[in-house]
Every structure is written in C-alpha cells, then in structure tokens.
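The values are calculated or read from the model by the stated rules, or taken from the named source; none is laboratory data. Just so you know, these numbers come straight off a predicted model, no measurement behind them. We place every Cβ from the backbone using ideal geometry, glycine too, and count neighbours over all the protein chains shown.
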Amino acid sequence: MRPLALTIGEPAGIGCDIALAAWTARRERALPAFYLIADPDHVAARARHIGIEVPLESVAPEQAASRFDTALPVVALAERASAAPGQPDDTSAAVSIASIRRAVRDVVDGKAAAIVTNPIAKAVLYRAGFSDPGHTEYLARLADEMMDVTATPVMMLWCPDLAVVPVTIHVPLRTVPELLTADLIVETGRIVAHDLKHRFGIAAPRLAIAGLNPHAGEDGLLGDEDIQVVKPAAERLAALGIAARGPLPADTLFHAAARRTYDTALCMYHDQALVAIKTLAFDEAVNVTLGLPFVRTSPDHGTAFDIAGTGRANPESLIASLKLAARLAERETASRTAA
C-alpha cells in the first residue's frame, strides 16, 4: 500500500514529538509506512531537544515506504520552522498550512493512501489571516480546489468500542436548538452511513440517534425538538433504507449493552458525543473526517503546548490514527475495485 501522509500540525506543539515516538514504535505496533511533511531541520532539532535518537531521511513520497524501516521519512517543505516547543512564532502558520496543502496534493496525485493530520492551533492561524473556521473546513476547501469536489465534512470520533458523530459541533450550547434541523440530521446520517459501508466495511450500518433533551424530551414535556425535529429525521433516514432509530435518551445510550446495538451514535451537540468517547478512550480515540473524497484521520487531542518538547506526549492517539487511516484507505480501495 502507498504510505500515509502525516502533517506536522503546529510546529510548536506536540505533533513532532508524537511523530518521532510513533516511528520508534513502528515495529512493536506494526505501523503502516508514513512520512512526515515538515521542515527536516526543525524535526531534527526537536529530536535532539527531547533526547530521542531517530534517523531522519529527506525523501520524495514515492520513496517513503522503502525507507520507513530504517529512518523516519520526511518530505521537506520550502517553508522553514523556527518555533521553540510551546512557543508558536511567525513561521508557525505558514508551515502548518503548507504541510496540509502538500498532504492533500499527494493524495490527489496518488502518492499517498490517506492523510493523518497532527493538531493545529487555530488561534495562531487566525492571527496570520487564515480564513476557514477550522482544519476540517480547510480540507474541504482544498478538495474543491484540487479535485473539483464539493464536500460536506462530518466529524466522527472513533475507538474500537464506540463511534460518535456530533451533528452540531463547535457552537454555543444555547444556539444548538436553532441550528438543529431535520435536514441537517438526515444529511449527516446519510454521509455517516455511506462511509461506514464503503470505508469501514459495515454492510448495513446501524445508527442510533440521540435525543436533544433529557429523556429524549419525555413525550414533549421537556421540549418539543425531539418530536418536531429528531424523530422526523430518523424516519426519513429509515425511508432511505438506513437502519436508524431515534430519538433515544442520551443518558442510556453509551453503556456496554447499548453500544452493541448500533455502529455509530449521532449526537445532537458536541459534549453529548465527546464526553462519552473521551471517558471511554481518552488516549486512544481517533478523529475521522467523513464525507471527504479522501481518507483523513487525526489524533483526538490538541497541540499540548505545555508538554511540547518534554518527551511526555503520549503517541497512542496518533498510532491509532495511523492504523485506522491505513485500514480505511485499504477498504475504500477494495470497495471501489469491487464496484
């Protein structure tokens, strides 16, 4: 299989640290081949700072797989990074953005099987004039720019025991009822079901749709959104041939027996989804972007400026992201070949 393209993320964050740590665990954890898109001098400096001996080799993407066993392959950026651990500087945004663009370009050109992105610092990018709301929206814009594909990205958080999708994401809780519509739930559920089938290999995906209100509204006593919005959306998804049920009380949706009855839980707001999975798998959860024309995964954590360069960053979420990206890319290729 082609290698995975791993972005550097925010150069001052832990992206470099966990990339180095993941490579050192490549044999023990049976990791797929990947290359890091970064400034090689910056990566070497971080390795020295941490005190970890990792041989680096500047490569073209096509060379990465053959070099992976003996050195961490680095695809060099023209942009140079000078940020110290935990201290973003005026080079950070340019390096972050260039790394993402190169990863998408490599996937589009068939040089990489999938993209794994290290965490970025949105505030740093905004100060540099970054115009997209976030990482995912930027990837969707690049898909449009480079592939002429209009994508509707959907955020999934995944671990082996649970997959959750927040229908509304980074918005204030008070605005959720006005943003939540049956159309939004249906479109989200349709994208989730499609990717569960074609990328995760689940022949008949089962969706559990959480209610917005306590006890899924208690038949309207605790709000009518579940009757007026969530229930019709579940019925429309079922009419499309998708095994969708809801609204279901969120407080009983995530225990072990309940999880066995569905493949993904659609949740109505951010914390309803993320509290559950971060409690269950804080260090191993993976952020998967559905609805893009390429596979993209990411560690489910931030830049962790406070521990960057200390050697204490846990690479487990990145390791899980690399493994899942390879699995999804392989499955998608098989699905397209069969079609």
inquiry  = Going through 227, 202 one at a time, which residue ends up being without any contact (Cβ under 8 Å) to a residue 24 or more places away in the chain, in contact with an Asp or Glu (Cβ under 9 Å, 6 or more places away or on another chain) and among the hydrophobic types (A, V, I, L, M, F, W, C)?
reply    = 227
ask   = Would you pick out the residues in segment 295-317 that are of a type in the set (D, E, K, R) and part of a helix (DSSP H, G or I)?
value = 306, 316
remark   = Of the residues in segment 40-78, those that are β-branched (Val, Ile, Thr) and surrounded by 14 or more Cβ atoms within 10 Å (Cβ to Cβ) come to 43, 50, 52, 54, 59, 74, 75
task = Working carefully through the options 326, 320, find the one that is in a helix (DSSP H, G or I), surrounded by 18 or more Cβ atoms within 10 Å (Cβ to Cβ) and either assigned by TED's automatic domain parsing to the domain that holds residue 46 or in contact with a Cys (Cβ under 8 Å, 6 or more places away or on another chain) (or both).
result = 320
message = Restricting to segment 98-128, count the residues that are assigned to a helix (DSSP H, G or I) and within 16 Å of residue 76 (Cβ to Cβ).
response = 8
query = Within segment 104-121, can you find the residues that are surrounded by 24 or more Cβ atoms within 10 Å (Cβ to Cβ) and either without any contact (Cβ under 8 Å) to a residue 60 or more places away in the chain or more than 18 Å from residue 317 (Cβ to Cβ) (or both)?
reply = 104, 106, 107, 112, 113
inquiry  = Tell me which strands (runs of 3 or more DSSP E) are completely within segment 189-274 and hold 1 or more residues being more than 30 Å from residue 294 (Cβ to Cβ) and either touching a strand residue (DSSP E or B) at 6+ places or on another chain (Cβ under 9 Å) or basic (Lys, Arg) (or both), or say none if there are none.
reply    = 243-248
ask   = Among (1) in contact with a Pro (Cβ under 7 Å, 6 or more places away or on another chain); (2) outside any strand (DSSP E or B), where does residue 35 come up short?
value = (2)
task = Show the residue pairs that are 6+ apart or on different chains and have beta-carbon atoms under 8 Å apart, the first residue being within segment 39-62 and without any contact (Cβ under 8 Å) to a residue 24 or more places away in the chain and among the charged types (D, E, K, R), the second being assigned to a helix (DSSP H, G or I) and surrounded by 15 or more Cβ atoms within 10 Å (Cβ to Cβ).
result = 53/47; 57/67
task = Return the residue satisfying two criteria in turn: it lies in segment 122-175 and is more than 19 Å from the chain's Cα centre (by Cα) and among the basic types (Lys, Arg), and of such residues it is surrounded by the fewest Cβ atoms within 10 Å (Cβ to Cβ).
result = 174
message = Residue under question is residue 292, and the condition is that it be surrounded by 22 or more Cβ atoms within 10 Å (Cβ to Cβ) and either touching a strand residue (DSSP E or B) at 6+ places or on another chain (Cβ under 8 Å) or part of a helix (DSSP H, G or I) (or both); does it hold?
response = no
